[in-house]
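Everything on this sheet refers to the single structure shown next.
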Amino acid sequence: MSDNSAGPTAEPITPSAPEEFGLVQVWWGDGKGKTTAALGMATRAVGHGYRVHLLQFMKGGTGTVEDVRGEYNAIAALPGFSYENAGHYGWHGFMDGSDDDEHAARAQGALSRAREILDASADADLSEPLDADGPPEDGVNMLVLDEILYAANRGLVDPEDVVSLIENKPDDVELVLTGGHDSPEYVFEHADLVTEVGKIKHPLESGHSARKGTEY
């Protein structure tokens, strides 16, 4: 038995196959922290040697923010963790000069990409460790679809297509869906965990802009 008197210690990360993955998690609400929670859980999975991919649907932001997101640097430094951002600069429906049709096209492309990764994972042997440096097309243990529920709320993707992703995912892939201020009731009966992140107070309301290191 290990001596934990000095506190927990970090161990080298080696590829491993999870024994109990396969649930569907949903994080939604008008509060800050949905993506943050999903990324924290993904980091935990990576720490056990599992293969995780983050696919973002709506993190458009602006060129001055999106290009320097801190989580991308952190993900790139972690073995077994990869990401891609399918979002369009700006925010759909916010009259910010961005092209709403382009937002829709990007969201549909992300939906197709999610299907591709899930299909590839169905063809992979997930009972064996996956190559930490391998592409998501070789299969993943956890797929985080960030802001997909926001895209569905805004009509950029059909909620039924989101349900179809859940119904057709491999049994041993953990699927995490985030986003949206409107209740995504269409996924509730298909999900194993549903968490509503509610806003009590937000610094934006008192004039604070998005801050480097907390919001991006």
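The values are calculated or read from the model by the stated rules, or taken from the named source; none is laboratory data. Model, not experiment: these values are computed from the prediction. Ideal geometry is used to build each Cβ from the backbone, glycine not excepted, and the neighbour counts take in all protein chains shown.
Would you mind telling me which numbered condition in (1) modelled with pLDDT under 70; (2) exposed (fewer than 15 other Cβ atoms within 10 Å of the Cβ); (3) not hydroxyl-bearing (Ser, Thr, Tyr) Gly60 fails?
(2)
Based on this model, can you work out whether Gly134 counts as closer than 20 Å to Phe81 by Cα, of a type in the set (Gly, Ala, Ser) and either touching a residue at least 60 places away in the same chain (Cβ under 8 Å) or not in a helix (DSSP H, G or I) (or both)? First the steps, then the outcome.
Working: closer than 20 Å to Phe81 by Cα: yes; of a type in the set (Gly, Ala, Ser): yes; either touching a residue at least 60 places away in the same chain (Cβ under 8 Å) or not in a helix (DSSP H, G or I) (or both): yes.
So Gly134 passes the test.
Filter region 188-205 down to residues that are in a loop (DSSP other than H, G, I, E, B) and not hydrophobic (A, V, I, L, M, F, W, C), then give me how many there are.
7
Can you tell me how many residues within region 131-141 are in contact with a Pro (Cβ under 8 Å, 6 or more places away or on another chain) and closer than 25 Å to Val162 by Cβ? Outline the logic, then answer.
We begin by selecting, within region 131-141, every residue in contact with a Pro (Cβ under 8 Å, 6 or more places away or on another chain); these are 131-133, 141.
Subsequent filtering for residues that are closer than 25 Å to Val162 by Cβ retains 141.
The total comes to 1.
Inspect all residues belonging to region 30-38 and state whether any of them is under 17 Å from Asp146 (Cβ atoms), in contact (Cβ under 8 Å) with a residue 60 or more places away in the chain, of a type in the set (S, T, N, Q) and not in a helix (DSSP H, G or I).
So the first thing to find is which residues in region 30-38 are under 17 Å from Asp146 (Cβ atoms), and the list is 30-38.
Now drop any that are not in contact (Cβ under 8 Å) with a residue 60 or more places away in the chain, which leaves 30-35, 37-38.
Okay, now just the ones that are also of a type in the set (S, T, N, Q), so 35.
Now restrict to residues that are not in a helix (DSSP H, G or I): none.
No, there is no match, as no residue in region 30-38 is under 17 Å from Asp146 (Cβ atoms), in contact (Cβ under 8 Å) with a residue 60 or more places away in the chain, of a type in the set (S, T, N, Q) and not in a helix (DSSP H, G or I).
From Leu145, Leu126, which residue is assigned to a loop (DSSP other than H, G, I, E, B), closer than 30 Å to Pro12 by Cα and in contact (Cβ under 8 Å) with a residue 12 or more places away in the chain? Even if it seems obvious, please write down each step before you answer.
On the way: Leu145 fails: assigned to a loop (DSSP other than H, G, I, E, B).
Every option except Leu126 fails the conditions.
List every residue pair whose Cβ atoms sit under 6 Å apart, with the two residues 6 or more apart in sequence or on different chains, where the first one lies in region 40-51 and is in contact (Cβ under 8 Å) with a residue 60 or more places away in the chain and within 9 Å of Asn141 (Cβ to Cβ) and the second, anywhere, is of a type outside the set (Gly, Ala, Ser) and part of a helix (DSSP H, G or I).
Qualifying pairs under 6 Å: none.
Could you list all residues from region 83-98 that are surrounded by fewer than 19 Cβ atoms within 10 Å (Cβ to Cβ) and modelled with pLDDT of 55 or more?
Passing the criteria: only Glu84.
Do we find a residue being modelled with pLDDT of 95 or more, surrounded by 13 or more Cβ atoms within 10 Å (Cβ to Cβ) and farther than 25 Å from Gly139 by Cβ anywhere in region 7-28?
yes
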